[in-house]
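The values are calculated or read from the model by the stated rules, or taken from the named source; none is laboratory data. What you see is a predicted model; the values in this text were computed from it and never measured. No Cβ is skipped: glycine too gets one built from the backbone with ideal geometry, and neighbour counts run over all protein chains shown. In case anyone asks, the SASA skips ligands and DNA or RNA and just uses the protein heavy atoms, side chains included. Shrake-Rupley method; radii C 1.70, N 1.55, O 1.52, S 1.80 Å.
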Amino acid sequence: MLIVQKFGGTSVGDISRIKNVSKKVKAELDKKNKVIVVVSAMSGVTNQLVDYCNQVSGLISNEAMIEYDSIVATGEQVTCGLLALELQSMGYKARSFLGWQIPIKTDAVHSKARIEEIDGEYLLKSLNEYDVVVIAGFQGFCEQTKRISTLGRGGSDTSAVAIAAAVKADLCDIYTDVDGVYTTDPRITDKARRLNKVTYEEMLEMAYSGSKVLQTRSVAMAMAHNVRVRVLSSFGEVNENSGTILVNNNEEIMERRLITGISYSKTDVRLTLMKMPDHPGLSAVIFGALAQKEVNIDMIVQNISADGKFIDITFTTGKDELERAKHAIDSIKDEVKFSELKIDDNIAKISVIGVGMISHSGVAHTMFKTLAEKGINLLLISTSEIKISVLIAKEYGELAVRVLHDAYGLEK
Ligand code: ADP
Ligand code: ASP
Ligand code: MG
């Protein structure tokens, strides 16, 4: 078998953990599997690098984001070199690869670049030459700017899945600090239960709405290229019952519940443009300016005044996009004539996810009733076919997850 193994930040957090990772690699090599390893930076390192950048720049221009990428990509260079060294010490022929050396080609949206192409043939050839290759996650190379790019926070998951797709690997094992995907973040409630299987669609919604165990794009990529993805713990034994496997088909999941999981995100910010004279094309101007600055928008709500003349537009985006969003809005303030821009980052987004809700009613009612009983006010609501999200005050975030987890009977 050809396997891609990805190890996250905690799993490579210090030298003893890197040695632990080398044992997981050895276990696959002993089984005569071919192995490509993808690593993250040591835990805390990327945060520290991002913090350095924030201390010297508002990170608004494209030129600034290019420098940001060359700085934050360095964490992975250290861990891929160290793991290759450790594997060499064990007697293996091992080498490390940085993103540009493969190359992992991306678009020019620095700091959240998308992978466009990976030369799988080259990687497969190097697997003939080496016992094992170790690749720096999170980073790529942008042909257009001729610079190092990064794939957004948590992007090593996407590196791993993209590489697995490019070499047509049999399996992509994502090793992390929890032993699989849970009904909700196991750090919020010890009632969270590990899911043996979860569909790609559900995982996509869970990741998108805050379950950072997998980066959203890695799930989308796995879905598009049919990559078999397993989520496993770096710590402890792995057997065929371990972890969580992503599956295509709902029928593969025997024990089906109405709700599969609850996601929690506290990295959003809510912006409201107040009292704008209404006219056709107003939203296009606002969201056009935001798109031009590469600001990702999540929820959108529009309110019309009683006389129909003015509107307020509220939307949410990530806190790390706030400065660029403010810049974009500033550039159109004369055109859209809002009376005030309100910004609120004291919010949490809670989402319940499950393909079961396609065929069952009452899911939303249970959610709203449960939150109301705790006196939790809903600031915004949005839905998809398999997800309901609400925005609430941040202080109630964890409480909301716990009471909803009970209300939908997700406990062990
Ligand atoms: P890594 O550094 O290995 O990429 P991350 O910190 O990015 O690890 O992701 C793992 C973390 O995701 C866990 O420690 C857990 O707190 C969090 N998490 C959030 N939601 C879930 C969930 N539904 N199931 C499992 N873990 C989750
Ligand atoms: N080191 C990067 C981050 O912390 C990428 C990753 O860990 O997946 O976001
Ligand atoms: Mg991660």
### Message
Compute, for the range 76-168, the length of the dipole vector about the Cα centre, with Cβ point charges of +1 (Lys, Arg) and -1 (Asp, Glu) only. Units Debye, rounded to 20.
### Response
180
### Message
Run the reach check for Lys26 against aspartates and glutamates, Cα to Cα strictly under 15 Å, same-chain hits fewer than 8 apart removed. What comes back?
### Response
Glu86, Asp131, Asp173, Glu237
### Message
For a 20 Å ceiling on Cα separation, which of these pairs sit above it: Lys6/Lys32; Lys32/Lys93; Lys168/Lys387?
### Response
Lys168/Lys387
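Evaluate the relative contact order of the chain (contact order divided by residue number), counting alpha-carbon pairs under 8 angstrom at least 6 apart; express in whole percent. Kindly include the intermediate steps, with their values, before the conclusion.
Values: 886 pairs, mean separation 57.5, N = 412.
Computed value for the chain: 14 percent relative contact order.
Using only alpha-carbon positions, what ratio does the radius of gyration of the range 34-139 give when scaled by 2.2 N^0.38 Å?
Values: Rg = 15.3 Å, N = 106, 2.2 N^0.38 = 12.9 Å.
After normalising by residue count via 2.2 N^0.38 Å, the value is 1.18.
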### Message
Out of the total accessible area of the range 303-412 (probe 1.4 Å, heavy atoms of protein only), what percent is carbon and sulfur?
### Response
48
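Of the chain, which part is the longest with no GluC sites (Glu not before Pro) in a loop (DSSP not H, G, I, E, B) and with at most 13 other C-beta atoms within 10 angstrom?
Working: sites that count: Glu237, Glu240, Glu255, Glu385, Glu411.
By the stated rule (loop sites, at most 13 other Cβ atoms within 10 Å), 1-236.
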### Task
Please give the per residue accessible area of the chain, computed with a probe of 1.4 Å over protein heavy atoms only, in Å².
45
### Query
Considering the zone a paramagnetic label at Asn62 would reach in this model (a point 7 Å from Cα along the Cα-to-Cβ line), which residues of the range 291-309 have amide N under 19 Å from it?
291-296
#### Entry: Alpha-carbon Rg with Dmax, taken over the chain, Å
22.4, 77
## Note on the structure
Classified through the alpha carbon gyration tensor (a ≥ b ≥ c as square roots of its eigenvalues; rounded if a/c is under 1.5, else prolate when a/b is larger than b/c, else oblate), the range 371-412 comes out oblate
### Gap separating the Cα centres of the range 316-332 and the range 83-149, nearest whole Å
33
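Quick one: Cα convex hull volume of the range 254-356, Å³ per residue?
Details: hull volume 14.1 nm³, N = 103.
Given the Cα convex hull of the range 254-356, per-residue volume reads 137 Å³.
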### Message
Shape verdict for the range 229-305, please, from the Cα gyration tensor: rounded (a/c under 1.5), prolate (a/b greater than b/c) or oblate.
### Response
prolate
### Query
How much accessible surface does Lys105 have with a 1.4 Å probe, in Å² rounded to 10?
50
### Query
If you stretched the chain out fully between Lys32 and Asn249, how much longer would it get, using 0.36 nm times the residue separation minus the C-alpha to C-alpha distance?
75.1 nm
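Determine the share of the range 1-83's accessible area contributed by carbon and sulfur atoms, expressed in whole percent, with a 1.4 angstrom probe. The partial results should precede the final answer.
Details: 1960 of 3590 Å².
Ligands and nucleic acids excluded, carbon and sulfur give 55 percent.
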### Task
Compute, for Asp330, the solvent-accessible surface of its heavy atoms (probe 1.4 Å) with the complete set of protein chains present, and express it in square angstrom to the nearest 10.
90
### Message
Between Glu335 and Lys23, how high is the FRET efficiency from 1/(1 + (r/R0)^6) when r is the Cβ-Cβ distance and R₀ = 60 Å? Nearest 0.05.
### Response
0.50
### Top of Arg147, Arg17, Arg187 by mean-square fluctuation, Gaussian network on the chain, Cα under 10 Å
Arg187
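Can you compute the helix-only [θ] at 222 nm over the chain? Use -39500 (n - 2.57) per DSSP H run of at least 4 residues, normalise by all residues, nearest 500 deg cm²/dmol. Let's see the in-between values first.
Details: 13 runs with 141 residues, N = 412.
Helices in the chain give a 222 nm mean residue ellipticity of -10500 deg cm²/dmol.
Over 22 Å between Cα atoms, which of Lys24/Lys105; Lys293/Lys319; Lys275/Lys326; Lys112/Lys266; Lys319/Lys349; Lys275/Lys369 qualify?
Working: Lys24/Lys105 28 Å; Lys293/Lys319 14 Å; Lys275/Lys326 17 Å; Lys112/Lys266 19 Å; Lys319/Lys349 13 Å; Lys275/Lys369 32 Å.
Result: Lys24/Lys105; Lys275/Lys369 exceed 22 Å.
Rounded to the nearest 20 Debye, what is the dipole magnitude of the chain about its Cα centre when Lys and Arg each give +1 and Asp and Glu each give -1 at the C-beta?
Details: 48 positive and 53 negative charges, 135 e Å.
It comes to approximately 640 debye.
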## Note on the structure
Placing each pseudo-label 7 Å from Cα in the direction of the beta carbon, Glu237 and Asp177 end up separated by a distance in nanometres of 2.5
